[in-house]
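A quick write-up on the structure given underneath.
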Amino acid sequence: MVDTKDFIEAPSVEHIAGDVTRVFSPNITVRKVAPRRVHFNCDREAIHGVCKYLRDALNFEQASSVCGVDWVDHLQVVYHLSNYSNGVMVEITVDVPNDDPHIDSVALIWEGADWHERETYELFGIIFDGHPKLERLLTPQNYEFFPFRKSYKLRGQQ
Amino acid sequence: MADMWITMGPQHPFSHGLWTLKIRADGEIVKEAEPVVGYLHRGWEKECENRTYPLIIPMADRLCYSASMTWAHVYCKVVEEALEVELSDRAKYLRVIADEICRIQSHLMWLAAMGTDLGNLTIFLWALREREFFLDLNVKLCGQRLTTNYPRIGGVRNDMPYLFERDCMRVVDRFEKVMWEIVAMMDGSSIFLSRMRGVGVINRKDAANYGLTGPVMRGSGVDFDIRRDDPYCNYDQLDWEVAVSKDGDAYARYAVRIEEMFQSCEIIRQAMVKLKGLPRTDPVRFKVPRKVPAGTHFARLEDPRGESLMYLISDGTDKPYRLKVRSPIFVNVSASKHFVEGVRIADIPAIMGTLDMCLGETDR
């Protein structure tokens, strides 16, 4: 959080959606706006800037969750960010190509995202550039596969 | 003095489950700490991709044995959002009552475990004795003590049984009286106070940034409770207060949980009154389709330990494409290195005890 106090204490959902799209215009689009919820689609080049802007200018103090999705033809990272002043939650989905699974880390913006990114790395093989310690967390260190990808079949799964 | 690495865990009296806290100590002072988890990782989210939607409810119970009601609730809630089902008022208040019973018994389990860590063996017996009354209410309502399997997609499994309201009110009234005795015993003990006050201090800014939620975050002065600020299940129609403390130390987290138990009693009492005013014909459960339309949805609610969030991707079949669980303790324990840096080794059980560890939901 910034100390300059130039962030907006309790922005409305329309304000958040309008403000973020105006600043990061071609790289981010609003998918849906609902009461206390804003859903964005974002390019992976812009995600670090968007997250920094949300924290510093719009008072999003916490990264609730970072998770990966395997869509078979591409991977996806989904961020859920919380604002404590008005209960708004922002969801940002970022597509990541299969052959170059890199994305900028937000662990230095919100420390709460640290373990979520490590978990996404070990389960999906998405590499977070700039993460302070990108190692396997839940699975053994000697695993050489990513168990939550769709190519890893469970018993009884086609 | 030379630094020394000490491995506390995976089997250690303070750990309350299988996890390890590696600390680098210079004499008595902790210089650096590194939590290690993953002993219980069983691929819960991947397992769900192989099961139909109703089959996941009992699995969600087993994420955490003492918060089974809220975990099954958040799962049902996210599927209901995907199906666009609005519950009946009766089902909502039944869920509120079940959730608050779950919150009280979970906090009592924490109180028993933490008191024992600090050498107070009496509180272990007292808290578990009180907890047993709430587990009996669970048996009456759901047929099970811990893994209750009570919420359903579209409502709850059954209405209140005969005389449940009378029993519930008796337990709550009795519990509030006994709680004052417990508070007097804890707060009257100078050993307890000296071990809890001023250790493990986290300020407001850091609490939000580290991703802390629930009583741990409110103990640091963040005035946020999902039940009030992002309301669900008619919590906004009940009159109660969010427990917040500004001190940020271990005692503040203890005080927040104690106050939350009193507030839960108040919520149960009011929800019971509201429930009595509803017609008996109000259904407790709607029939829902087996297949969930394609889309992405998330739902969050206030777990006894913090914010539990589930993110569901459905692809139009009767099984989820992806189900992500955001566990509050997973994030809280990742911040444990900040809690213990600079404290003495003997303070670690007092500090980590106030996090209310649960490894089933941490490792998933």
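The values are calculated or read from the model by the stated rules, or taken from the named source; none is laboratory data. The shown structure was predicted, so the numbers you read here are calculated from the model rather than taken from an experiment. All Cβ positions, even for glycine, are placed from backbone atoms using ideal geometry, and neighbour counts span all protein chains on display. Ligands, DNA and RNA are stripped out before the accessible areas are found, and what is left, the full protein with its side chains, is counted by its heavy atoms. Shrake-Rupley method; radii C 1.70, N 1.55, O 1.52, S 1.80 Å.
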Legend entry - Entirely in the stretch B:41-130, the helices (runs of 4 or more DSSP H) that have 3 or more residues that are under 29 Å from A:Phe148 (Cβ atoms), away from chain A (no Cβ under 14 Å) and in contact (Cβ under 8 Å) with a residue 12 or more places away in the chain: B:56-61, B:68-83
Legend entry - Matching residues, the stretch B:231-247, being without any contact (Cβ under 8 Å) to a residue 60 or more places away in the chain and more than 19 Å from the chain's Cα centre (by Cα): B:Asp236, B:Gln237, B:Asp239, B:Lys246, B:Asp247
Inset, instruction - From the list A:Leu134, A:Leu58, pick out the single residue that is free of Cβ contacts under 8 Å to residues at least 40 places away in the same chain and buried (at least 17 other Cβ atoms within 10 Å of the Cβ). - result: A:Leu134
Legend entry - Output for the stretch A:18-47, where each listed residue is touching a residue at least 40 places away in the same chain (Cβ under 8 Å), over 27 Å from A:Asp100 (Cα atoms) and open to solvent by 60 Å² or more (accessible area, probe 1.4 Å): A:Arg36
Legend entry - Failed item, numbered, when B:Val273 is tested on (1) closer than 21 Å to B:Lys177 by Cα; (2) more than 24 Å from the chain's Cα centre (by Cα); (3) part of a loop (DSSP other than H, G, I, E, B): (3)
Inset, instruction - Scan the stretch B:134-182 for residues that are assigned to a loop (DSSP other than H, G, I, E, B) and without any contact (Cβ under 8 Å) to a residue 60 or more places away in the chain and jot them down. - result: B:Gly143, B:Gln144, B:Arg145, B:Pro161, B:Tyr162, B:Leu163
Inset, instruction - Look at B:Trp5 and say whether it is open to solvent by less than 10 Å² (accessible area, probe 1.4 Å) and either at negative phi or at pLDDT 90 or above (or both). - result: no
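Table: residues versus (1) exposed (fewer than 14 other Cβ atoms within 10 Å of the Cβ); (2) at positive phi; (3) within 14 Å of chain A (Cβ to nearest Cβ).
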site	(1), (2), (3)
B:Arg166	yes, no, no
B:Met186	no, no, no
B:Val199	no, no, no
B:Ala207	no, no, yes
Legend entry - Which numbered condition A:Val106 misses (of (1) open to solvent by 10 Å² or more (accessible area, probe 1.4 Å); (2) more than 8 Å from every other protein chain (Cβ to nearest Cβ)): (1)
Inset, instruction - Please indicate, with yes or no, whether at least one residue in the stretch A:21-32 is at pLDDT 85 or above, within 14 Å of chain B (Cβ to nearest Cβ), over 20 Å from A:Phe128 (Cβ atoms) and assigned to a loop (DSSP other than H, G, I, E, B). - result: no
Inset, instruction - Working carefully through the options B:Asp356, B:Asp282, find the one that is under 30 Å from B:Ile29 (Cα atoms), assigned to a loop (DSSP other than H, G, I, E, B) and more than 14 Å from chain A (Cβ to nearest Cβ). - result: B:Asp356
Inset, instruction - Go through the residues of the stretch A:116-137 one by one and say whether even a single one is assigned to a helix (DSSP H, G or I) and more than 12 Å from chain B (Cβ to nearest Cβ). - result: yes
Legend entry - Matching residues, the stretch B:286-311, being away from chain A (no Cβ under 11 Å) and in contact (Cβ under 8 Å) with a residue 40 or more places away in the chain: B:Phe286, B:Lys287, B:Val288, B:Pro289, B:Arg290, B:Val292, B:Pro293, B:Leu301, B:Glu302, B:Asp303, B:Pro304, B:Arg305
